[in-house]
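A.B. asks: Pasting a structure here, questions to come.
The values are calculated or read from the model by the stated rules, or taken from the named source; none is laboratory data. On a predicted model such as this, the values are computed, not experimentally measured, just so you know. FYI the Cβ positions are ideal-geometry reconstructions off the backbone, even for glycines, and counts take in every protein chain you see. Protein only, heavy atoms only, side chains kept; ligands, DNA and RNA dropped before computing areas. Shrake-Rupley method; radii C 1.70, N 1.55, O 1.52, S 1.80 Å.
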Amino acid sequence: MLRRIVYILLMAALSLSFMSCNVKARLRKADKQYEQGEYYSASELYRKNQRRIPMKNKSWRAEVNFKMGECYRIMNNHQRAVRTYTSAIRYKYPDSTVYLNLAKSLHGCGRYKDAAKRYEEYLKWKPYDVEALNGLSAMDSIAEWKKVKSRYKVTAAKEFNSRRNSDFCPMLVGDGSNIYITSNRENKTNRRTSAITGVTNNDVYTARKNNSGKWEELKPVEGAVNSAEDEGVTSFTTDGKTMYFTRCEDDNVAGQILQSQRAGGEWAEPTLVNLFADSTVTVGHPAISPDGTMLYFASDAPGGYGGKDLWMSTLEDGKWTVPENLGASINTSGDEVFPYVRADGTLFFSSDGLPGYGGLDIFMATRDSLGLWKVENMREPINSYEDDFGITFEGSSGNGYFSSNRKQRKFIDRIYRVELPPLVYAIEGLVTDFEGEPLGESTIRLVGDNGDIVKIRSQKNGSYRINLSRDVRYVMMASHRGYLNSSYKLETNDLTDSKIYENNFVLASVNKSVKMDNIFYEFAKWTLTPDSEEGLNELIKMLNDNPNITIEISAHTDMVGSDVANRILSQKRAQSVVDYLIAAGIDKERVTPVGYGETMPVVVDDAVEKQYDFLKTGDVLTPEFIETLPEEQQEVCNQLNRRTEFKVLKTTYNLY
């Protein structure tokens, strides 16, 4: 019996020893794949074996979890990266880099508060680390960016997106009627699975617009560009006859840039673009300048700032010069990738090291008069907290396409359409009389200090619309036969977005009295209240807009009180208005005050009938009529009778 127990214990020990050796062998294989950049294969081996590491060996567990996190982060699976980095910290991983990369993955998940905390933890070890400082700075920048609304509009480009595969890095060619994209949708050449990504290798596809402006079906490019290896990220000379693209071979992790010429309807056998003497240096993501003399690309070449940097080489005498790093204004210790150059020299690229929303953000870079780069984040909706990259535009317009893995559970890439609506400045409104009736066929004139002169007529419903220019001072005037003119001033300064101004012109009739609803007096007195200022200033403006008219200012009372007292009160109220106008600079000969007391009761018109259903058009609000009404309705009628009006007396003042 004792012999049997000893035998069982011995076999168990041998089994544990064998398992331990087996785990070590598998993790050594995973380490080799990790070092070669085969991140998908490495992550799978780490995941399947990390739980078999003895609990007492915490340092080993910490290292494996950190490497697993690195694999997931590089493959853009930030949620898994967060979990594994957190485990590495729990097992006391000794390198402070784990805090930086955990912060970056939290950033890539949109968990900004948690990311800020981890950036701060990392900065305790390395207080001057640019990437961490940029990440922390982004937390404040994001809040500021949200305050400024972007003019760009983004929608999914469904015509280019397959159901289960990645489609990315669109590239418009020539006049924008041809497009090339990179995709791992299955075809005859790309059935090999990449050890780096764990998905089918990519090929280059193309589509044309038909005569109706619709995109035709995407098809693999014809010729020798596509192979069993991983191809994509294209760039073209302006004439569309030369293609630069990236190829990665499974047995050579270092990417290469190749060049192919279009011969007839197909692309010829590509040739290698020699940029660095060291063939192990990874190069990719080519972007040829419009004139074909400068090649921008991404590389991990020595002498950079860390990660992948953007470089540039110039074509001289048929050969590419020694590449030049684009410098610290653009490159960081993170990755700067996917460059694209517009005809005006503007450089677009993606970075996860510059302040951004998380993952890769798209940036725009322009050179100033000294040749220094000015870099701007393109903000939402182009950027998100996930990866946004590979942008292209239709010529000089703001319309184009880009790629992103936003809102994709399986981390596949999608192509999105981006549009920049044109800036629109205009003024619109209605021309009506004081009773709200539209005045169709009114004349509206507009004069700007930039020389703009516009004359239009309002529509039958009184509406109008006039386009404007930016940074201009305008004066407008509306007129209609039988009505007084009305002016309006505006300035279109400091505009950063489209704006539609609104102004309704209300014209006073020359032939009948006009009630002023916003002239008020103290109770039983003739003193004007502060609430009258707006109405009085409108009256001054009307007189200035129509310098050849004279008017009568009339005040009216209700039936309460004696006739004599009401006449005196109304006369003094009319005089108060006239005094205000004269004090404001109106010639006293143009304004005549008259107090009518209760002698001119209101005659109900259509507008009053619409407002009070117990009154009918044509009713005269005399004391006899009012006394037949209920008390509440009597007060309404008294309020209507208590009014200040004006009417035009002459339209030829100072003309002769």
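A.B. asks: Going by Cα centres, region 341-362 and region 27-46 are how many Å apart?
C.D. replies: That distance is 30 Å.
A.B. asks: Go through 367-380, 224-237 and give me the packing order, highest mean Cβ count within 10 Å leading.
C.D. replies: In descending order of packing, they fall as 224-237, 367-380.
A.B. asks: Something else now. May I ask which of Lys588/Lys650; Lys32/Lys117; Lys32/Lys113 have a Cα-Cα span longer than 24 Å here?
C.D. replies: Details: Lys588/Lys650 14 Å; Lys32/Lys117 33 Å; Lys32/Lys113 36 Å.
Too far apart for the 24 Å limit: Lys32/Lys117; Lys32/Lys113.
A.B. asks: Any idea what angle helix 78-90 forms with the longest principal axis of the chain, computed on alpha-carbon atoms, 0 to 90 degrees, nearest 10?
C.D. replies: Computed tilt is about 60 degrees.
A.B. asks: Any idea what angle helix 39-49 forms with the longest principal axis of the chain, computed on alpha-carbon atoms, 0 to 90 degrees, nearest 10?
C.D. replies: Approximately 70 degrees, to the nearest 10.
A.B. asks: Local charge sum around Val648 (other residues, Cβ-Cβ under 11 Å, Lys/Arg +1, Asp/Glu -1)?
C.D. replies: Numbers: positive: Lys512, Arg590, Lys647, Lys650; negative: Glu552.
Value of the local net charge: +3.
A.B. asks: Let me ask another. If the reach is capped at under 20 angstrom between alpha carbons, list the aspartates and glutamates near Lys146, excluding any in the same chain fewer than eight residues apart.
C.D. replies: Asp114, Asp352, Asp361, Glu376, Glu380, Glu386, Asp387, Asp388, Glu419, Asp494, Asp497
A.B. asks: Can you compute the helix-only [θ] at 222 nm over the chain? Use -39500 (n - 2.57) per DSSP H run of at least 4 residues, normalise by all residues, nearest 500 deg cm²/dmol. Display every interim value, and only then the final one.
C.D. replies: On the way: 12 runs with 172 residues, N = 656.
Value at 222 nm, helices only: -8500 deg cm²/dmol.
A.B. asks: Also, I was wondering about something else. Could you pull out every one of the aspartates and glutamates with an alpha carbon less than 16 Å from that of Lys512, ignoring same-chain neighbours closer than 8 positions?
C.D. replies: Excluding near neighbours in sequence, the set is Asp433, Glu435, Glu437, Glu552, Asp605, Asp606, Glu645.
A.B. asks: I've got another one for you. Along its three principal axes, how long is the chain when you only count alpha carbons? Whole Å, largest extent first please.
C.D. replies: Projected onto its principal axes, the Cα set of the chain covers 132, 76, 45 Å.
A.B. asks: Then there's this: Leaving out same-chain residues fewer than 8 places away, which aspartates and glutamates sit with a Cα under 12 Å from that of Lys29?
C.D. replies: Excluding near neighbours in sequence, the set is Glu38, Glu44.
A.B. asks: What order, most packed first, do the peptides 592-598, 335-341 have when packing is the mean number of other Cβ atoms within 10 Å of each residue? Let's see the in-between values first.
C.D. replies: Details: 592-598: 19.0, 335-341: 24.3.
Listed from highest to lowest mean packing, they are 335-341, 592-598.
A.B. asks: For helix 631-641, what angle does its Cα long axis make with the longest principal axis of the chain, in degrees from 0 to 90 and rounded to 10?
C.D. replies: 80 degrees
A.B. asks: Another one. Could you work out the local net charge near Lys209, counting Lys and Arg as +1, Asp and Glu as -1, over the other residues with Cβ closer than 10 Å to its Cβ? Walk me through the numbers on the way to the answer.
C.D. replies: Details: positive: Arg208, Lys214; negative: Asp175, Glu216.
Residues near Lys209 contribute 0 overall.
A.B. asks: If you look for lysine pairs in region 279-438 that are eight or more places apart or on different chains, how many of them have Cα atoms under 28 Å apart?
C.D. replies: So the count works out to 4.
A.B. asks: With a sphere of radius 13 Å drawn around the Cβ of Asn467, what net charge do the other residues whose Cβ falls strictly inside it have (Lys, Arg +1; Asp, Glu -1)? Let's see the in-between values first.
C.D. replies: Working: positive: Arg465, Arg470, Lys499; negative: Glu428, Asp452.
The answer is +1.
A.B. asks: A further question on this structure: Of the listed peptides 454-461, 556-563, what is their order by residue-averaged count of other C-beta atoms within 10 Å, with the highest listed first? Could the numbers behind the result be given before it?
C.D. replies: Working: 454-461: 13.9, 556-563: 17.2.
By packing density, highest mean first, the sequence is 556-563, 454-461.
A.B. asks: For the chain, report the accessible area per residue in Å² (1.4 Å probe, heavy atoms, rounded to an integer).
C.D. replies: Numbers: 34390 Å² over 656 residues.
For the chain, the per-residue accessible area is 52 Å².
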